[in-house]
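What follows is a single structure, written as structure tokens, with notes after it.
The values are calculated or read from the model by the stated rules, or taken from the named source; none is laboratory data. These numbers come from a predicted model, not from an experiment. Backbone-built Cβ (ideal geometry, glycine too); neighbour counts: all protein chains shown. Protein only, heavy atoms only, side chains kept; ligands, DNA and RNA dropped before computing areas. Shrake-Rupley method; radii C 1.70, N 1.55, O 1.52, S 1.80 Å.
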2 protein chains.
Amino acid sequence: MAYKTSYSAEVEPQDIDFTLRETIASIGDKILNVAGVDAHSKGFGVDALGHDNLTWVLSRIAIELDYRPPQYTKYDITTWVNEFNRIMTTRNFTLTDAEGRVFGRAVSQWCVLDLKTRTAVDMNTLSDIYDSCLVDIPSPTKRPAKVAPPTGDVRMAEHRVVYSDIDFNRHVNTMRYIQLMLDMLPIEEFERQEALRLDINFLHEARYGQTLIVAYGETGGEWRFEVKTDDATVCVRASLRL
Amino acid sequence: MAYKTSYSAEVEPQDIDFTLRETIASIGDKILNVAGVDAHSKGFGVDALGHDNLTWVLSRIAIELDYRPPQYTKYDITTWVNEFNRIMTTRNFTLTDAEGRVFGRAVSQWCVLDLKTRTAVDMNTLSDIYDSCLVDIPSPTKRPAKVAPPTGDVRMAEHRVVYSDIDFNRHVNTMRYIQLMLDMLPIEEFERQEALRLDINFLHEARYGQTLIVAYGETGGEWRFEVKTDDATVCVRASLRL
């Protein structure tokens, strides 16, 4: 029997920025932790896949927030999977405040990678696990868009991938990509209280020791970002509307 | 009646490095969060001082670890204040595993800053709050040492202070200083399982938009670090023995 599942979250001192509200990167991190814990509890976590040398890879995510919650706020993250096909699966999230109001929505798309061949796996081979977990409830907002490269007055910054950037694979972790991109914004943007939507496409991993180029530009109220390695491989693209 | 107080901690996925063990920065962050919560619960937190435009400033800390705990480990952080004089106070910590074994020790020294005049406050003016909170138990290890500048083959890296580095004061937060310094180490150092001791001196704050120079060098098994602003103000010095 498939169902939505809720997990409790709290905005702790290390999660906030200078406005005393939770950072987008911290919210993204909590969402992805919930994805990991929920998949594990339902029998298709990284640990279960790992027996066959398979792993989950996040391909795209969209995060929509009506506001960023202040320090010490408690909220719930509810998640469900509602789509599953040969090449990817869709996992959804809503963020709900203590009064039961939804203030955030996210849609993520994942594929399965074979760690030996480094290629995507036909996910139909996982259908016996997966079919029993699908929840027939639509995604809470539009799916993550395909993001184009930045346009307008494009600027660049360089970043060398260091120890504190990497995960257990020695790849840059998702939270750091979000930080690297949002660190480029004029700081005044974070003082605004308005709603936002962030679409991120993960295209290629960046590794320890590589030098990254973070390009960014703004056109018509949309900030676009692109993270490339120094051999011009595009790792991540993102679009932020504030 | 003065007493030690214990707080529970857990190594979460965002706290670990590629070795799947908690980072020194994350452990330091948890220790400092405990300091804040404990001071608050005993009536001398930042919030209580804030009424008089005073704030706590961390001056020095030493952290000793027998090992870095792996992901999902639960442990306790126990804290007590055992010294208080005109210019500073000493707060102590022990880290205890689920079997009750102490695997970490920390000693921190704090002063009180007047935010209006930006000068240190004579802490005897706070003695009525403080006297009742002193616990007559010695510090669990040597106090934080005064750290000299790096020597040996000294190398340097530059870092511009960005949005994700700063706290509510728009100063670089303590965890980021630790990351900036340890990111300079050869990554193999983090694969070692041995005990370590880190001594940090906080000398001056670094602000949003400043460019920092992180200098580091190794002599006789001791790594020393220095973080300066581009106008040569020394912000932080640290010594790491692995």
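I'd like to verify a number: residues in segment A:54-79 that are out of contact with any Cys (no Cβ under 9 Å at 6 or more places or on another chain) and open to solvent by less than 30 Å² (accessible area, probe 1.4 Å), how many? Give the steps one after another, and end with the answer.
Residues of segment A:54-79 out of contact with any Cys (no Cβ under 9 Å at 6 or more places or on another chain): A:54-55, A:60-79.
Restricting the remaining residues to those that are open to solvent by less than 30 Å² (accessible area, probe 1.4 Å) gives A:54-55, A:61-63, A:65, A:68-69, A:75, A:77-79.
Within segment A:54-79, residues that are out of contact with any Cys (no Cβ under 9 Å at 6 or more places or on another chain) and open to solvent by less than 30 Å² (accessible area, probe 1.4 Å) number 12.
Looking at (1) open to solvent by 20 Å² or more (accessible area, probe 1.4 Å); (2) at pLDDT 95 or above; (3) of a type in the set (S, T, Y), which is the only condition A:T125 fails?
In the conditions (1) open to solvent by 20 Å² or more (accessible area, probe 1.4 Å); (2) at pLDDT 95 or above; (3) of a type in the set (S, T, Y), A:T125 misses (2) alone.
Take the residues in segment A:130-166 that are within 24 Å of A:L198 (Cβ to Cβ), in a strand (DSSP E or B) and open to solvent by 100 Å² or more (accessible area, probe 1.4 Å), then tell me which one is nearest to the other protein chains (Cβ to nearest Cβ).
This residue is A:E158.
Could you tell me which residue of segment B:28-53 is farthest from B:L196 (Cα to Cα), considering only residues that are touching a strand residue (DSSP E or B) at 6+ places or on another chain (Cβ under 8 Å), hydrophobic (A, V, I, L, M, F, W, C) and open to solvent by 20 Å² or more (accessible area, probe 1.4 Å)?
If we take residues in segment B:28-53 being touching a strand residue (DSSP E or B) at 6+ places or on another chain (Cβ under 8 Å), hydrophobic (A, V, I, L, M, F, W, C) and open to solvent by 20 Å² or more (accessible area, probe 1.4 Å), then B:V46 is farthest from B:L196 (Cα to Cα).
Scan segment B:99-111 and tell me whether some residue there is surrounded by fewer than 17 Cβ atoms within 10 Å (Cβ to Cβ), touching a residue at least 24 places away in the same chain (Cβ under 8 Å), in contact with a Leu (Cβ under 9 Å, 6 or more places away or on another chain) and within 21 Å of B:T23 (Cα to Cα).
yes
Quick check, is A:R170 open to solvent by 60 Å² or more (accessible area, probe 1.4 Å) and within 14 Å of chain B (Cβ to nearest Cβ)? Break it down into steps so the answer makes sense when it comes.
Details: open to solvent by 60 Å² or more (accessible area, probe 1.4 Å): yes; within 14 Å of chain B (Cβ to nearest Cβ): yes.
Spelling it out, A:R170 is indeed open to solvent by 60 Å² or more (accessible area, probe 1.4 Å) and within 14 Å of chain B (Cβ to nearest Cβ).
Output the number of residues of segment B:8-27 satisfying the condition of being surrounded by fewer than 16 Cβ atoms within 10 Å (Cβ to Cβ) and within 13 Å of chain A (Cβ to nearest Cβ). Give the steps one after another, and end with the answer.
Let us first name the residues in segment B:8-27 that are surrounded by fewer than 16 Cβ atoms within 10 Å (Cβ to Cβ), namely B:8, B:10, B:12, B:20.
So of that shortlist, the ones also within 13 Å of chain A (Cβ to nearest Cβ) come out as B:10, B:12, B:20.
Number satisfying all stated conditions: 3.
Mind checking which residues of segment A:167-208 are among the charged types (D, E, K, R) and part of a loop (DSSP other than H, G, I, E, B)?
The first filter runs over segment A:167-208 and keeps only residues among the charged types (D, E, K, R), leaving A:167, A:170, A:176, A:183, A:188-189, A:191-192, A:194, A:197, A:199, A:205, A:207.
Selection gives A:D167, A:R170, A:D183, A:R192, A:E194, A:E205.
Go through segment A:2-38 and count every residue that is part of a helix (DSSP H, G or I), under 18 Å from the mean Cα position of the chain (by Cα) and touching a residue at least 40 places away in the same chain (Cβ under 8 Å). Quick ask: steps written out before the conclusion?
The first filter runs over segment A:2-38 and keeps only residues part of a helix (DSSP H, G or I), leaving A:13-15, A:24-38.
From what is left, the residues that are under 18 Å from the mean Cα position of the chain (by Cα) are A:15, A:24-38.
Within this subset, residues satisfying the condition of being touching a residue at least 40 places away in the same chain (Cβ under 8 Å) are A:15, A:24-32, A:34-35, A:38.
Of the residues in that region, 13 qualify.
Please go through segment A:195-222 and pick out each residue that is in contact (Cβ under 8 Å) with a residue 60 or more places away in the chain and either open to solvent by 20 Å² or more (accessible area, probe 1.4 Å) or under 15 Å from the mean Cα position of the chain (by Cα) (or both). Don't jump to the end; show me each part of the working.
Keep residues of segment A:195-222 that are in contact (Cβ under 8 Å) with a residue 60 or more places away in the chain, which gives A:195-202, A:215-219.
Residues satisfying the conditions are A:A195, A:L196, A:R197, A:L198, A:D199, A:I200, A:N201, A:F202, A:Y216, A:E218, A:T219.
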